[in-house]
Amino acid sequence: MARTTGAEARAPEVVWNRLAERRGELFSRTLAPERHAHWWVRRHDGWAGRLNRWVDRLRDTTLENVPYVDPTAAGDGARVLLLLQEPASDAEDGCGFVSRYANDAVSANLYRAADRAGLEHEVTLHWHLVPWWIANPTHEPRRLGGEVLRAAPRLGEFLELLGPPPREVVLLGAPAVKGWSVLTRRGRVPWQLRAATVSQAPHPNPLVHDRLDPVSGRRNGDRLVEVLRDAGRRSRGEEVRPARTSPVARRPF
């Protein structure tokens, strides 16, 4: 068998986010270049334009790679804010947007979960506690706790530009929960989020998403759907029963 080069091995690009592709929503420079170009030139328009011009300034002042806000999201207001701990490298090298429509496995799992949960794109915004890639090899080694504190004023600036504060915050994965705990202990949670309901959900990474929760024995992907469904219902003013939890063990995800 002939050996393949790195370029040949990477082509054609894998479609990770099949739901977005099937619905004509995919954000990908290579797989959906016309759609990506359409929204790329409009990333500074409308309500998202305020945030994306701020992203430009953040890039210039920090020299960090920071992806843009999805200009198609939260058209009816960001009532639900989904927070991962940081963007992966492919948020910059891939489509350049933080979006459920991005072509990576994490976005694909999150989109499917939100779709199952009935959590509308029009009221949801995806972002990060730390808006840049912490493990960027062009920087000295950095730790999540320190970078969360460094980024705390930036999160406040982001929320100030966002408009009406989100009613719901969903922390996706143990690192985001850890980062939020750092902000809470230090009294650095932005005032815009102090009245929000904060929920914890498993990380949509496939290594976590498809495993069983060690406490409940349920699949993490199903737990993610449940948390998103409850957040969406509360954001609409519906009554939601508190989730039952067990003190037996600590969830690692």
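Here, each number is a calculation from the coordinates, and none is a lab measurement. Keep in mind it's a predicted model, so treat the numbers as computed, not measured. Here the Cβ is made from the backbone with ideal geometry for all residues, glycine too, and neighbour counts use every protein chain on show.
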- Mean Kyte hydropathy of 0.5 or more with a Cα span along the axis of at least 20 Å, helices from DSSP in the chain: 144-162
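Determine the shape class of the stretch 30-164: with a ≥ b ≥ c the square roots of the Cα gyration tensor eigenvalues, call it rounded for a/c under 1.5, and otherwise prolate if a/b is greater than b/c, oblate otherwise.
Working: a/c = 1.37, a/b = 1.30, b/c = 1.05.
It comes out rounded by the Cα gyration axes.
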- What is the local net charge at GLU238, summed over the other residues whose Cβ is closer than 13 Å to its Cβ (Lys, Arg +1; Asp, Glu -1)? +4
- To the nearest 0.05, what FRET efficiency results for ARG142 and ARG218 with a Förster distance of 25 Å applied to their C-beta separation? 0.15
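For TRP191 and THR61 in one chain, what is 0.36 nm times their gap in residues minus the Cα-Cα distance, to one decimal in nm?
On the way: separation 130, 0.36 × 130 = 46.80 nm, distance 2.38 nm.
44.4 nm is the gain from fully extending TRP191 to THR61.
What share of Cα pairs, in percent, lie more than 19 angstrom apart in the stretch 114-253?
On the way: 5473 of 9730 pairs.
Roughly 56 percent, rounded to a whole number.
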- Which cross-chain or sequence-distant (5 or more) residues have an amide H under 5 Å from the amide H of HIS203, H modelled 1.01 Å from N in plane? GLY173, ALA174
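Under the rule a/c < 1.5 gives rounded, and otherwise a/b versus b/c splits prolate from oblate, where does the chain land using the Cα gyration tensor?
rounded
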- Message: Restricting to DSSP loop positions (anything but H, G, I, E, B) with no more than 16 other Cβ atoms inside 10 Å of their own Cβ, which trypsin sites (Lys or Arg not before Pro) remain in the stretch 161-235?
- Response: ARG186, ARG188, ARG194, ARG211, ARG218
- Note down the nm distance, to one decimal, between modelled labels 7 Å out along Cα→Cβ at SER181 and at ARG23. 3.4
